[in-house]
Amino acid sequence: MKEIYWKIIELEEHQVLVSKEEAPEEEESEAPHRLCTTFHLNGVEVKMTGAYILEEIRNEKFNNYNADYAQELVNRIKKSFE
């Protein structure tokens, strides 16, 4: 089975990049499995990262990440720019 590490969610006004990442080896983290969300808003790159102890939980969140969730997140961040 092919492992997917990135996906781009196309919204009406934005593209949202969702990626699976790992903490750098030199960073001794209790939650090394990362889920990153990146998009641009008003010329600013916005990147948010969630950290998970278990890779399976991070992967489940990645697999369930959809356009509705991405739009909700973009809307919440937009409000902080107002």
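The values are calculated or read from the model by the stated rules, or taken from the named source; none is laboratory data. Keep in mind that this is a model prediction, so the values were computed, not measured. Don't worry about glycine lacking a Cβ; one is built from the backbone with ideal geometry, like all the others, and counts go over all protein chains shown.
Descriptive notes on the structure:
- Matching entry among I9, I4 (being in a loop (DSSP other than H, G, I, E, B) and of a type in the set (V, I, T)): I4
- Residue in the range 41-50 that is touching a residue at least 24 places away in the same chain (Cβ under 8 Å), surrounded by fewer than 16 Cβ atoms within 10 Å (Cβ to Cβ) and on the phi > 0 side of the Ramachandran plot present: yes
- Residue within the range 15-24 that is of a type in the set (S, T, Y), surrounded by fewer than 14 Cβ atoms within 10 Å (Cβ to Cβ) and over 13 Å from V74 (Cβ atoms) present: no
- Number of positions in the range 48-70 that are farther than 30 Å from E28 by Cα and touching an Asp or Glu at 6+ places or on another chain (Cβ under 8 Å): 1
- Set I77, I9, I4: member being modelled with pLDDT of 95 or more and either on the phi < 0 side of the Ramachandran plot or surrounded by 12 or more Cβ atoms within 10 Å (Cβ to Cβ) (or both): I9
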